[in-house]
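Comments concern the structure below.
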């Protein structure tokens with residue numbers, strides 16, 4: 001979905017901008033072992049890509065992520081301050097939700113007993129293994145505190161479909177409450193993959209990325225953000 005968005009985005013920008021698409025391990029064309037959690041590691045993988053382009057004297061206009069990728073770009077922005085525009089498409093605020101649907105009931109007890117849970121598709125075929133370590137990494141990733149750490153100089157757009165059955169649209173409202181320089185777009189009728197809303201999604205993202213706003217003049221979060229209570233890197 002993001003590849004389609006960015007391909008169209010590049011055409012609409014009339015080649016004044018180029019894009020680089022990064023998959024996480026074992027996603028789409030990428031190799032490596034899939035990790036159910038791994039949020040901070042993927043943010044550091046993104047860091048390596050950005051450092052490469054900065055070393056090539058390229059200007060990083062924005063970073064955009066969909067679903068788990070939305071969380072990754074927000075974590076990146078909380079840790080590094082070299083990208084001033086971030087787009088979070090359907091990221092999950094409450095990382096404790098959605099797990100039972102994938103791993104089944106009593107997943108904590110089963111994974112502590114066996115050390116892993118194998119996830120199968122509807123045909124009963126093996127898809128991937130979730131280790132206790134990767135599950136705990138997800139459960140201890142603090143999206144609230146990390147979002148509060150994002151600089152006010154960083155413009156953040158969150159887009160979410162109103163009919164998203166994978167990540168509830170209410171999660172986007174939580175991001176809006178804690179990110180200082182934030183714009184929220186709830187896309188009516190859109191699902192998690194924006195199946196019938198590709199053009200609308202592209203237009204919203206492109207307009208935001210192409211708009212240069214200083215933090216005091218951009219769209220500011222109407223919710224007063226609370227101060228972070230602890231480091232976002234705490235694992236407990």
So residue 128, is it within 20 Å of residue 180 (Cβ to Cβ) and touching a strand residue (DSSP E or B) at 6+ places or on another chain (Cβ under 9 Å): no
Restrict the check to the stretch 131-144 and report whether at least one residue is modelled with pLDDT of 95 or more, buried (at least 19 other Cβ atoms within 10 Å of the Cβ), under 17 Å from the mean Cα position of the chain (by Cα) and outside any loop (DSSP other than H, G, I, E, B). yes
Name the strands (runs of 3 or more DSSP E) wholly within the stretch 37-125 that hold at least 2 residues that are out of contact with any strand residue (DSSP E or B) (no Cβ under 6 Å at 6 or more places or on another chain) and without any contact (Cβ under 8 Å) to a residue 12 or more places away in the chain? none
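The values are calculated or read from the model by the stated rules, or taken from the named source; none is laboratory data. Quick caveat: nothing in here was measured; it's all calculated off a predicted structure. As a convention, Cβ positions derive from the backbone with ideal geometry for all residues, glycine included, and neighbour counts pool all protein chains shown.
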